[in-house]
Structures are given as C-alpha cells and as structure tokens.
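See structure below.
The values are calculated or read from the model by the stated rules, or taken from the named source; none is laboratory data. It should be emphasised that the depicted structure is a prediction, and the values quoted were computed from it without experimental measurement. We place every Cβ from the backbone using ideal geometry, glycine too, and count neighbours over all the protein chains shown. To get the accessible areas, we keep the full protein, side chains included, count just its heavy atoms, and leave off ligands, DNA and RNA. Shrake-Rupley method; radii C 1.70, N 1.55, O 1.52, S 1.80 Å.
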Amino acid sequence: MKHAPALLVIDMQNALAAIAHRARETVAVIAGLQARARAAGVPVITVQHHGNGLEPGTDGWRVVPELAPDDGESVISKTSADSFLDTGLDATLTALGTTELLVTGFATEICVDTTARQALSRRYDLVLVADGHTTSVREAGGGPYAEPDASVAHHNEIFRNLDFPGRSIRVLPGADVDFRPPRARRPPA
C-alpha cells in the first residue's frame, strides 16, 4: 500500500487558543508542519468545532490566522470531541487516499485523544505530534484535570505504548516529522 500522509489540525480556533497552554509555541509548531506539508504536496485538513459558544462566523470560531486553511484545503466542521463523528472527515481522507494521519491541535485529552484513537480504529496509521497538541491553562491542584504539561506528556507516553495490531503509531516532535514513507527514511547519523 502506498504511504499517503495527511496533516490534521484540530480546533485551533481563536477562542480556544486564548485559553490554551503554550498557545504561541503550539501554533508555531503546527504552522511549520503546515508549510512543510504543503511544500511536500501533503494534504492539510482543518477541523473547526462549532457550538458551545463557538458559533460559525464569529471571531472566536475562526481558525487562528497563522493556521488558516489555504484555498482548496479541506475544512471539517464538528460538534463533538470526535472529528470523525457525523462529519465528512473519513470520506475526505478516503478520497485523498490517506494511509497515515498526523494529528495536532486542541485539546490534548479531549478532541486530540478521541480523534487519534478513532483514526486508529478506522485503520489509519498515526503520528501524534508531541509538541503540536495542547490543552487548556489550569492552575496546579485546580481541579480534576492534570496540569497542562503533565497532561501533554501523559498522552504522548500513552500513544508511545499503545498497541493497535497492524497500525503504525509514532509520537514525534514537529521538527522530526518526515512526510516520506517510514521505510524511505534514513537512520539518524
């Protein structure tokens, strides 16, 4: 089967970036990946959540300017944590011939985690971009969720050790993402 990656950018919208931990750094990593994907001819797919205060057409709903989709790129609208549920994402990926999904975005333990697991269940190989996903800002000891850095690290480690038979799962920092097939890559010097 031909290796065909696609880059997925989940919920990097103005209102969500405003509450995101390390928003500027995460946006920079994703923007770098977008530029490299586009240069390599790899599809970039943007997912936008709507509902719960993210109403289409509002400033908060819009994708942050640094990550705005280019003309002709796919934009998927969703209403749940699962970017596949009741959306055209799977059909879009199938039409593109996608075999591997590179997942980035907001929020680590909700939309990113849910979408990444659904991608595996739908038989896509997965790259979770270790520094390309983030969660909301939280104070230490401020509730039921882990602190942001701990949450990101925890999910990266879970995906490093997750086993889906027949699926390739990699967790890579954005700088190490290579859009070539895994076997075509040269080992580090």
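Below, the figures for the structure above:
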quantity	calculated
Some residue of region 72-84 being more than 15 Å from the chain's Cα centre (by Cα) and in a strand (DSSP E or B)	no
Residue list for region 56-76, restricted to those being at negative phi, out of contact with any helix residue (DSSP H, G or I) (no Cβ under 9 Å at 6 or more places or on another chain) and either open to solvent by 60 Å² or more (accessible area, probe 1.4 Å) or of a type in the set (V, I, T) (or both)	P56, D71, V75
Filter result for the condition that a residue is within 30 Å of D163 (Cβ to Cβ) and loosely packed, with under 15 Cβ neighbours inside 10 Å, over L85, L101	L85
Selection count, region 24-45, where residues are in contact with a helix residue (DSSP H, G or I) (Cβ under 7 Å, 6 or more places away or on another chain) and closer than 9 Å to M12 by Cβ	2
Residue pairs meeting the criteria (Cβ under 7 Å; at least 6 apart or on separate chains; first more than 20 Å from I169 (Cβ to Cβ), in region 89-112; second of a type in the set (V, I, T) and in a helix (DSSP H, G or I))	none
Condition broken by S136, with the remaining ones in (1) modelled with pLDDT of 90 or more; (2) under 19 Å from R24 (Cα atoms); (3) open to solvent by 50 Å² or more (accessible area, probe 1.4 Å) satisfied	(3)
Count of region 1-52 residues which are open to solvent by 10 Å² or more (accessible area, probe 1.4 Å), farther than 18 Å from T115 by Cα and assigned to a helix (DSSP H, G or I)	16
Search result, residues across region 129-179 that are acidic (D, E), more than 17 Å from E109 (Cβ to Cβ) and assigned to a loop (DSSP other than H, G, I, E, B)	D163, D178
Which numbered condition I45 misses (of (1) of a type in the set (V, I, T); (2) within 18 Å of L101 (Cβ to Cβ); (3) in contact (Cβ under 8 Å) with a residue 60 or more places away in the chain)	(3)
Whichever residue in region 140-160 is closer than 19 Å to L102 by Cβ and not aliphatic (A, V, I, L, M) and, among such residues, is most open to solvent (accessible area, probe 1.4 Å)	R160
